[in-house]
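The values are calculated or read from the model by the stated rules, or taken from the named source; none is laboratory data. No experiment lies behind these values; they were computed from the predicted model shown. A quick note on method: Cβ atoms are made from the backbone with ideal geometry, for glycine too, and the neighbour counts reach across all protein chains shown. Only protein heavy atoms, including side chains, enter the accessible area calculation; ligands, DNA and RNA are left aside. Shrake-Rupley method; radii C 1.70, N 1.55, O 1.52, S 1.80 Å.
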Amino acid sequence: MRRWARCAAMLAALWPAILHAQAGGESSQGFAELRVSLFPGASGQAWQVVERVRPTLTAELSERVKLVATVEAGLRQGRDLSREFQRALEKSELGPLLEAFECSWPKHENSLLRIDGAADYLYVDRLYVDVYAGALDVRVGRQALNWGSAQFFNPTDPFPEVLLAEPWRARRGVNAARATVPFGENHDFAAVVATSDALNELRAAAKLRLNWAGTDFALVSVYRGAHRNGLIGLNIRGTLEVGYWLEAAYLVGDAPHEELAVGIDYSFPILERATAFIQYYRNGAGSTDPSGYQRSATLGAIALPSCTGQTLPLAPGSSTRDPFAPFVSGRDYLIAGSSLMFLPELSASLAWLQNLNDGTGLLVPTVTYNVVDWLDLALSAQVPYAVNHGGELKPSRRSLRLTVPAPSGDTLTADLSGLVPDTTLTVWSRASF
């Protein structure tokens, strides 16, 4: 509710300016989307439906000032991971223990729609003002930020996200003020001051980009507040018969480590257009031993019960996630991908993530078809596999067994393998306006 209240207050403050801009000219765009997912091999409800709408309003406040606002509203039905976790525990050996300690699970105020307030179905994802002052470009407000040249994993990104398995999702907005100053013919300097969603942590980043002989060289420095403190990095991007990139960073703080992404890409004169890339990614904070992986990264966010007079270790991993922790648990990865446009209306792509330490991998094929100018249909899948006995991307059944010590001294177990599907199939339609 606090996030929604802040967004509502910001919109209320800017609404007079929006109304004024409407008289002088504005534009709006966005989309409405229906997404259906199936989870073969999962226990409980093996389907989920998501409806969302995401309009964007652009208002020219003056010749050099522009206001942009993107609001997203959405609902979902079907599979809920927290609910399936509850069912798995209640049906396991832990069921009587949960009853004995009078454990109660979180409940939504609206159980049918699974929402507690407006923030659960409506939020402002972008709300910023662009100011063009000569050679200086300034953007202030909630905006998307993405630095780096590598595919999916960007070691020098101040606010990283990995969207490999979610091709339909946009990057989350960041509360920030960004200024970019170009100089020379192909050089620029960018500075960012940002804060957390709770507005209680200051973060900052700076990037100096120089172009020499057709190659970009970027030096990056980031301060992240209380979480992993910051990084210094280098990003190189150029073309030499093939496109290439090298993105490296050293993260300082409580757990200092290095991150590296190096790769190449190439375009082929096949049909309408074809591309391919391959990349090595190293997560210096990762482990080469699957026993050291965080299982909570596989299971995702799960709501836990509150029990009378007892705290039970029901979920592995930390209850509070570091927002800048690595997205993977292993150390060495191979990432590859390709795309092929058969027709202007029909294209297909494939992304492949391979954990080089435990033999598990993930394939993400996607097919997109433009039915008419304003309507797109797409089909995507997430297909995990294991070459050996399972690991991070395809956990073994044994690794998904939760063990909890009972007051009697016995060890109680719960099988959580039903929470992880064999495959995830998603089809969605998107109508643009």
Worksheet item: Filtering region 85-94 down to residues that are part of a helix (DSSP H, G or I) and not aromatic (Phe, Trp, Tyr), which residue is surrounded by the most Cβ atoms within 10 Å (Cβ to Cβ)?
Response: Leu89
Worksheet item: Counting only residues that are within 21 Å of the chain's Cα centre (by Cα), farther than 23 Å from Ser111 by Cβ, open to solvent by less than 50 Å² (accessible area, probe 1.4 Å) and among the aliphatic types (A, V, I, L, M), how many does region 33-84 have?
Response: 2
Response to the item:
For region 55-77, the count of residues that are assigned to a strand (DSSP E or B) and either in contact (Cβ under 8 Å) with a residue 40 or more places away in the chain or among the acidic types (Asp, Glu) (or both) equals 16
Item to complete: Would you mind stating whether Thr360 is under 30 Å from Pro344 (Cα atoms) and under 24 Å from the mean Cα position of the chain (by Cα)?
Response: no
Fill in: Residue within region 243-264 that is modelled with pLDDT of 95 or more and farther than 16 Å from Gly148 by Cα present
no
Worksheet, complete the sentence: Among the residues of region 372-409, the number that are within 25 Å of Leu350 (Cβ to Cβ) and assigned to a strand (DSSP E or B) is 12
Worksheet item: Hey, Leu210 hits all of (1) open to solvent by less than 60 Å² (accessible area, probe 1.4 Å); (2) farther than 28 Å from Asp332 by Cα; (3) of a type in the set (A, V, I, L, M) but one; which does it fall short on?
Response: (1)
Worksheet item: With (1) open to solvent by less than 60 Å² (accessible area, probe 1.4 Å); (2) at negative phi as the list, and Gly148 as the residue in question, which single condition is left unmet?
Response: (2)
Worksheet, complete the sentence: Residues in region 197-225 that are farther than 18 Å from Asp157 by Cβ and of a type in the set (Lys, Arg) total 0
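Where residues in region 390-406 are touching a strand residue (DSSP E or B) at 6+ places or on another chain (Cβ under 9 Å) and farther than 19 Å from Leu304 by Cβ, which of them is surrounded by the fewest Cβ atoms within 10 Å (Cβ to Cβ)?
Going through region 390-406, the residues touching a strand residue (DSSP E or B) at 6+ places or on another chain (Cβ under 9 Å) turn out to be 390-397, 400-406.
Right, trim to farther than 19 Å from Leu304 by Cβ and you get 390-397.
Values: Gly390: 20, Gly391: 25, Glu392: 28, Leu393: 23, Lys394: 22, Pro395: 22, Ser396: 15, Arg397: 12.
My answer is Arg397.
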Item to complete: Test Arg171 against the criterion of being open to solvent by less than 60 Å² (accessible area, probe 1.4 Å), part of a loop (DSSP other than H, G, I, E, B) and out of contact with any Cys (no Cβ under 7 Å at 6 or more places or on another chain), and give yes or no.
Response: yes
